[in-house]
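**Student:** One structure coming up, written as C-alpha cells, with questions to follow.
The values are calculated or read from the model by the stated rules, or taken from the named source; none is laboratory data. None of the values given here were measured: they were computed from a predicted structure. When we count neighbours, we look across all protein chains shown, and the Cβ atoms used for this are built from the backbone with ideal geometry, even at glycine. All accessible areas refer to the heavy atoms of the entire protein, side chains included, with ligands and DNA or RNA removed. Shrake-Rupley method; radii C 1.70, N 1.55, O 1.52, S 1.80 Å.
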Amino acid sequence: MSVKQANSQSKLASLIEEKLGYPLVKKAKVNHSLNQTDYSAQGKRTIECSVQSNDSILKRALKRQQLQKIQRQNNLETIMAGALSLCPDVVSKGRPDPDWLEHFIRLAEDISNHAMQTLWAKILVGETISSGTFSIKSLQALKQMTQKEANALQKCAPLCGFVEQEGSYLIILGYYKKPSFFDLLRKGNKESINLALAGLSFPNILTLMDIGLLYRKEIESLSLKQGQSFNLSFQSKKLTLTAKSNELVLSYYKLTQTGEELKRLITAPVNKQYKQLLEQAMQDEFTCEWH
C-alpha cells in the first residue's frame, strides 16, 4: 500500500469516527471460501468493516445525534458571536421578523465552513439593523451554495456597479452605437469587455446564472444622447459615463434580487483590471469620470 493510500484511508477512518462517534475496523471472516461477491468491479477483493463497539445500534444512533447537536450548537454560537463582533453601533430599525429568525437559525446551524459562517454573521447583522434586507429565499440560496459557487460570487462582486435610479447591481459589458438610417445593415461601432481578463470566467458566469444570482440574458440600456450620463457606484468610488455622441447603447449583466442581496455581503473595491478594461472600451465614445 502506498503512502498516499495510507494517508487517504487514515483520513477517511478519522472522518468516519468523528461523525459516527465510533471507529470502524476490519471485520474478520470465518468462512475463507471466496465467491464473486468478494470482489469489486475492478477485480479487487473487498474488505468488510464493522463498528468497533459493544453498544447497541440504538445507543450508537443516540450518540451520533448528540454529536450532530453539539456541532450545530457550536456552528450557531460561532455565527452569532461573529455577528455581535461585526455589528456597528448604529440605530436599528426594529427586530428581525420572528419567522425569518427561526428560518435563519435552522439553516445557519449546519454551516461549518469558516468563510461561510462569516457571511451568515453579516446577514444577521444586516437584518438586525434593517429588517427585510435579506429574504428567506436568499438564505436558502446561500445554504445550498457550494464553495465553487461562493467563489464565483466573490469574483463577481468587485465588477458590480450599483445604479441608484434603478436600485440594482449590474456589470457593464460594453456598448454599441445604433446604426444610422443610411447604415441599417450593421450595428455600427461596438466594444466589448472580456470579463475573464478581470478574473470572472465564462464558467463563473454560467454558475451564477444556474443558481439564480445573475439573469441569463444580456440587457441593454435605453439609447443615450450626446451629453447624457450613466452613473454607477462601486463601493466608495463613483463612475460617470457621459456619451460623446448620440444613439449609444450600454450592454450589461444584471443581478437578480437574490444575487443583489447576497452581493451586499461582499464589501470589495472595484476590480482594478476591470476598471482599466472598462476605461479602454469606453474611451472612444464616452467620457469616464471617477469621483
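**Student:** Which residue, of ILE211, ILE193, ILE205, is touching a helix residue (DSSP H, G or I) at 6+ places or on another chain (Cβ under 8 Å) and without any contact (Cβ under 8 Å) to a residue 60 or more places away in the chain? Don't jump to the end; show me each part of the working.
**Tutor:** Details: ILE211 fails: without any contact (Cβ under 8 Å) to a residue 60 or more places away in the chain; ILE193 fails: without any contact (Cβ under 8 Å) to a residue 60 or more places away in the chain.
Being touching a helix residue (DSSP H, G or I) at 6+ places or on another chain (Cβ under 8 Å) and without any contact (Cβ under 8 Å) to a residue 60 or more places away in the chain holds for just one of ILE211, ILE193, ILE205, which is ILE205.
**Student:** Do any residues in the range 228-244 that are among the aliphatic types (A, V, I, L, M) have Cβ atoms under 7 Å from those of residues that are assigned to a strand (DSSP E or B) and exposed (fewer than 15 other Cβ atoms within 10 Å of the Cβ), where the two are at least six apart or on different chains, and which pairs are they?
**Tutor:** If the second residue must be assigned to a strand (DSSP E or B) and exposed (fewer than 15 other Cβ atoms within 10 Å of the Cβ), the pairs left are LEU239/TRP290; LEU241/SER229.
**Student:** Tell me which residues, restricted to the range 246-268, are touching a strand residue (DSSP E or B) at 6+ places or on another chain (Cβ under 7 Å) and not hydrophobic (A, V, I, L, M, F, W, C). It would help to see each step written out before you state the result.
**Tutor:** To start, the set of residues in the range 246-268 that are touching a strand residue (DSSP E or B) at 6+ places or on another chain (Cβ under 7 Å) comprises 247-256, 259-260, 263.
GLU247, SER251, TYR252, TYR253, LYS254, THR256, GLY259, GLU260, LYS263 - these are the residues of the range 246-268 that are touching a strand residue (DSSP E or B) at 6+ places or on another chain (Cβ under 7 Å) and not hydrophobic (A, V, I, L, M, F, W, C).
**Student:** So which pairs qualify, if the first residue must be in the range 246-259 and in contact (Cβ under 8 Å) with a residue 24 or more places away in the chain, the second must be open to solvent by 20 Å² or more (accessible area, probe 1.4 Å) and in a helix (DSSP H, G or I), the Cβ gap must be under 7 Å, and the two must be at least 6 apart or on different chains?
**Tutor:** These pairs meet every condition: THR258/LYS137; THR258/ALA141.
**Student:** Pick from ASP210, ASP284: which is of a type in the set (Asp, Glu) and more than 29 Å from ALA115 (Cβ to Cβ)?
**Tutor:** Numbers: ASP210 fails: more than 29 Å from ALA115 (Cβ to Cβ).
After applying the criteria, what remains is ASP284.
**Student:** Name the residues in the range 195-246 that are of a type in the set (Val, Ile, Thr) and surrounded by 14 or more Cβ atoms within 10 Å (Cβ to Cβ), would you?
**Tutor:** Initial filter on the range 195-246 (of a type in the set (Val, Ile, Thr)): 205, 207, 211, 219, 240, 242.
If the condition is that a residue be of a type in the set (Val, Ile, Thr) and surrounded by 14 or more Cβ atoms within 10 Å (Cβ to Cβ), then ILE205, THR207, ILE211, THR240, THR242 are the ones that fit.
**Student:** All but one of (1) open to solvent by 20 Å² or more (accessible area, probe 1.4 Å); (2) part of a strand (DSSP E or B) hold for GLN276; which doesn't?
**Tutor:** Tallying (1) open to solvent by 20 Å² or more (accessible area, probe 1.4 Å); (2) part of a strand (DSSP E or B), GLN276 fails exactly one: (2).
**Student:** In addition: Taking the range 155-185 on its own, how many of its residues are of a type in the set (Phe, Trp, Tyr) and either modelled with pLDDT of 95 or more or outside any loop (DSSP other than H, G, I, E, B) (or both)?
**Tutor:** Step one: list which residues in the range 155-185 are of a type in the set (Phe, Trp, Tyr), which gives 162, 169, 175-176, 181-182.
Among the residues that remain, those that are also either modelled with pLDDT of 95 or more or outside any loop (DSSP other than H, G, I, E, B) (or both) are: 162, 169, 175-176.
Total meeting the criteria: 4.
**Student:** For SER53, state whether it is polar (S, T, N, Q), in contact with a helix residue (DSSP H, G or I) (Cβ under 9 Å, 6 or more places away or on another chain) and farther than 29 Å from GLU18 by Cβ.
**Tutor:** Values: polar (S, T, N, Q): yes; in contact with a helix residue (DSSP H, G or I) (Cβ under 9 Å, 6 or more places away or on another chain): yes; farther than 29 Å from GLU18 by Cβ: no.
Answer is no for this residue.
**Student:** For the range 43-142, give me every one of the helices (runs of 4 or more DSSP H) that falls completely inside it and has 3 or more residues that are open to solvent by less than 90 Å² (accessible area, probe 1.4 Å) and over 22 Å from GLU261 (Cβ atoms).
**Tutor:** Details: elements: 57-86, 98-108, 114-129.
The helices (runs of 4 or more DSSP H) meeting that bar are 57-86.
**Student:** Quick one: would you say GLY94 is without any contact (Cβ under 8 Å) to a residue 60 or more places away in the chain, over 27 Å from the mean Cα position of the chain (by Cα) and closer than 25 Å to SER135 by Cβ? Quick ask: steps written out before the conclusion?
**Tutor:** Values: without any contact (Cβ under 8 Å) to a residue 60 or more places away in the chain: yes; over 27 Å from the mean Cα position of the chain (by Cα): yes; closer than 25 Å to SER135 by Cβ: yes.
Considered against the rule, which asks whether it is without any contact (Cβ under 8 Å) to a residue 60 or more places away in the chain, over 27 Å from the mean Cα position of the chain (by Cα) and closer than 25 Å to SER135 by Cβ, GLY94 comes out as yes.
**Student:** Any residue at all in the range 154-173 that is free of Cβ contacts under 8 Å to residues at least 40 places away in the same chain and of a type in the set (Val, Ile, Thr)? Explain how you work it out, then say what you get.
**Tutor:** Keep residues of the range 154-173 that are free of Cβ contacts under 8 Å to residues at least 40 places away in the same chain, which gives 166-167.
Those left that are additionally of a type in the set (Val, Ile, Thr): none.
Checked the range 154-173: no residue is free of Cβ contacts under 8 Å to residues at least 40 places away in the same chain and of a type in the set (Val, Ile, Thr).
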